[in-house]
Amino acid sequence: MSTTDLFVELIVVGCGAFTALLLLLLAIFGVDSSLLQQLTAMPVLALPALVLIYLLGILTDRFADRLFNLYWVNQKQQQQYPGGQARFHQDKTLVLAKSERFAALYEYSRSRQRICRGWALNSLLLLFSAELLLFSRFWHWPQSWLLAVTLLLLLVLLCCCCCYAWLQMLDTELRRVQEQATLLRSTEGPD
């Protein structure tokens, strides 16, 4: 995986966390539309914003990685992979070391998994921040309850879809690593 791919991946994940942070700050400190217009018109703020987005992408990815590993990955590897988690790690090492093509496919799959995992977490952060902003600053709007319910449904649906896609990709990863390791062992021949 190239550095550019990883950078873009972390920017994609960081955009959601950045948006959630902005919504949270607006909920806490209020909304001043003239200040927001002035800030968005300043191109000098683009680079610091990109740096913050990248940093938030890293933090979100690491937190989501820990969370998902804690609840799903280790358990799935132990229960679904023939030989368990230790055998999976041996096979993965073989695949990554012996085949550039398989390693590239593996890294591409991992990139997609990181984005889904990050956005599963981002959707919950966005839900919390958006609802807090809505009820702290815009509760008097006639349609605020409809907007709140719509946000709830859409962001929970996004979270569920991201989790489902991630789980499907994890299952595919387990199956492919096993198949690829078996193929690589069979083509190595006797030592």
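The values are calculated or read from the model by the stated rules, or taken from the named source; none is laboratory data. Everything quoted here is computed from the prediction, not taken from an experiment. Methodologically, a virtual Cβ is constructed for each residue, glycine included, from the backbone with ideal geometry; neighbour enumeration extends over all protein chains shown. Keep in mind that these areas ignore ligands, DNA and RNA; they rest on the heavy atoms of the full protein, side chains included. Shrake-Rupley method; radii C 1.70, N 1.55, O 1.52, S 1.80 Å.
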- prompt: Considering the values [x] 0.99; [y] 1.16; [z] 1.30, which represents Cα Rg over 2.2 N^0.38 Å as calculated for the structure under consideration?
  reply: [z]
- prompt: So how tilted is helix 46-68 from the main axis of the chain? Cα-based, degrees 0 to 90, rounded to 10.
  reply: 50 degrees
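Can you give the calculated 222 nm mean residue ellipticity of the chain, where each DSSP H run of n ≥ 4 adds -39,500 (n - 2.57) and the sum is split over every residue, rounded to the nearest 500 deg cm²/dmol? Each step should come with its number before you reach the end.
Details: 7 runs with 163 residues, N = 191.
For the chain, the value works out to -30000 deg cm²/dmol.
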- prompt: For the residue pair residue 175 and residue 54, what label-to-label distance in nm results when each label sits 7 Å from Cα along the Cα-to-beta-carbon direction?
  reply: 3.7 nm
statement: Expressed per residue, the solvent accessible area of segment 13-108 in Å² (1.4 Å probe) is about 64 Å²
message: Test of understanding: in a Gaussian network model of the chain with alpha carbons linked when under 10 Å, which of 138, 63, 128 would top the mean-square fluctuation ranking?
response: 138
field: Dimensions (Å) - segment 49-108, Cα atoms, principal axes, largest first
entry: 45, 30, 12
task: Sort 81, 108 by accessible area with a 1.4 Å probe, largest first.
output: 108, 81
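Computing the accessible area with a 1.4 Å probe over protein heavy atoms, can you report the carbon and sulfur percentage for the chain?
Values: 8000 of 11820 Å².
C and S atoms contribute 68 percent here.
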